[in-house]
Amino acid sequence: MDTGLPHVVVHGGVHKTATSHIQSILQRNAGRLRKSGVYYVHHRDTRKEFTVPVQLNGYEKLGFNYRTKIPDAELADRARTFFEGIGAGPGARIILSDENMPGHSGHCVRGGDLYGRRGTLMPNFARHILYPVTEVHLALRNYADFFASTFVEFLRSAKGENVIPEAQMKRAVLSNLPSWTGFIKDVLECFPAAQLTLWRLEDFGGLSGKVIGNLCGAGVDPASLVAPSRSRGRPSASHRAVQELLFEVERSGGEAALARRVEIQDAYPRGPDYPGYDPWSDGERAHLIRLYEKDIAQIAQLDRVTLLRP
């Protein structure tokens, strides 16, 4: 139905699912897309001007006493200013992309679940979008690799003594047995008028054109988009680098060890000599992948969900 308003397409990540690659393509072609009525908002602007205020407001509701406070009335004003500032007219397509929509990597690895604060953060994000949300796009990843990658991401951004041991992360995951099914049901509840398009990261190589085309809409040929001039993605850490960093945490404490993150990663770069980080035994990995495959099959049967396949 034509509302006389722009409509919003949300690309919500999740973390470590080639989100930066997708964002780089959209940003590289933002001017061209705008001529077709598609407004891509740079993810840094989305995060700074919308996601962060939404989450600060949510954290206060959760009882966290952060120094910066964003009361409800201020958040409503900020959201209105952000969306109106995009300059999109009636019928235009606005693409918001931010993998932090449901929370952060640290929320996952500390609790061993999938974004343990999403019950507050994600509805808060959804309700403050000024225009109708017609589509949500998300990638999922098998649990073994997702938690390995998010643990590395957590180590990259952790501060001081906030680092947790690998064993603690593994215990939390294996005891909680996280499920994308519950996560996706929450997304559907937060965006009740939206169609949800999903893909597995494991299939992304054969789906990248379709994913970009779906985000941009039928009026844009993804083959016409210009590839970014160079990749700005950060290389994933090697298993050796992560272990060396964790050993350093035990020897010297979190603050001193984290100060050497870059030095350690440079000394043990991921490659033929130093394979990627993998904390799981063969049995644990097989168990987590079986759970993932079972959940993907359930998710594919949900109403309003389209699971892309190669």
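Just give me the residues in segment 14-35 being charged (D, E, K, R) and more than 14 Å from the chain's Cα centre (by Cα), in sequence order.
Arg28, Arg32, Arg34, Lys35
Could you tell me whether Arg80 is more than 23 Å from Ala300 (Cα to Cα), modelled with pLDDT of 95 or more and assigned to a helix (DSSP H, G or I)?
yes
Out of the residues in segment 115-139 that are on the phi < 0 side of the Ramachandran plot and assigned to a loop (DSSP other than H, G, I, E, B), state the one that is surrounded by the fewest Cβ atoms within 10 Å (Cβ to Cβ).
Within segment 115-139, the match that is surrounded by the fewest Cβ atoms within 10 Å (Cβ to Cβ) is Pro132.
Which residues, counting only those in segment 21-63, are of a type in the set (Gly, Ala, Ser) and in contact with a Lys or Arg (Cβ under 7 Å, 6 or more places away or on another chain)?
Ser24, Gly37
Give the residues of segment 175-204 that are surrounded by 15 or more Cβ atoms within 10 Å (Cβ to Cβ) and at pLDDT below 95, sorted by residue number.
The one that is surrounded by 15 or more Cβ atoms within 10 Å (Cβ to Cβ) and at pLDDT below 95: Pro178.
Out of all the residues in segment 267-310, which are surrounded by 13 or more Cβ atoms within 10 Å (Cβ to Cβ) and among the basic types (Lys, Arg)?
Passing the criteria: Arg270, Arg285, Arg304.
Would you mention how many residues in segment 57-73 are farther than 19 Å from Pro102 by Cα, surrounded by 11 or more Cβ atoms within 10 Å (Cβ to Cβ) and among the aliphatic types (A, V, I, L, M)?
Residues that pass the stated criteria total 0.
What residue, among those in segment 207-245 that are hydroxyl-bearing (Ser, Thr, Tyr) and assigned to a loop (DSSP other than H, G, I, E, B), is modelled with the highest pLDDT?
Ser229
Quick check on segment 146-181: of everything there that is touching a helix residue (DSSP H, G or I) at 6+ places or on another chain (Cβ under 8 Å) and among the charged types (D, E, K, R), which residue is nearest to Ile264 (Cα to Cα)?
For segment 146-181, the residue satisfying everything is Arg156.
A quick yes/no check of all residues on (1) over 23 Å from His21 (Cα atoms); (2) of a type in the set (Lys, Arg):
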residue	(1), (2)
Lys48	no, yes
Leu56	yes, no
Asp72	yes, no
Ala79	yes, no
Gly89	yes, no
Arg118	yes, yes
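Would you check which residues across segment 155-180 are part of a helix (DSSP H, G or I) and over 21 Å from the mean Cα position of the chain (by Cα) and list them?
Gly160, Glu161, Asn162, Glu166, Ala167, Gln168, Arg171, Leu174, Ser175
Which ones in segment 187-206 are under 15 Å from Pro310 (Cβ atoms) and assigned to a helix (DSSP H, G or I)?
Across segment 187-206, the qualifying residues are Leu201, Glu202, Asp203, Phe204, Gly205, Gly206.
Give the number of residues within segment 262-303 that are at pLDDT below 95 and either of a type in the set (Lys, Arg) or not in a loop (DSSP other than H, G, I, E, B) (or both).
Residues flagged as at pLDDT below 95 and either of a type in the set (Lys, Arg) or not in a loop (DSSP other than H, G, I, E, B) (or both) within segment 262-303 amount to 8.
From the list Ala18, Ala76, Ala30, pick out the single residue that is within 30 Å of Phe204 (Cβ to Cβ), out of contact with any helix residue (DSSP H, G or I) (no Cβ under 7 Å at 6 or more places or on another chain), aliphatic (A, V, I, L, M) and surrounded by fewer than 22 Cβ atoms within 10 Å (Cβ to Cβ).
Checking each option against the conditions leaves just Ala30.
Would you check if Glu248 is at pLDDT below 90 and either assigned to a helix (DSSP H, G or I) or touching a Ser or Thr at 6+ places or on another chain (Cβ under 7 Å) (or both)?
Yes; evaluated as a whole, the condition is true for this residue.
The values are calculated or read from the model by the stated rules, or taken from the named source; none is laboratory data. Bear in mind that the values here come from a model prediction, so they are computed numbers and not experimental data. Cβ atoms come from the backbone with ideal geometry, glycine included; neighbour counts cover every protein chain shown.
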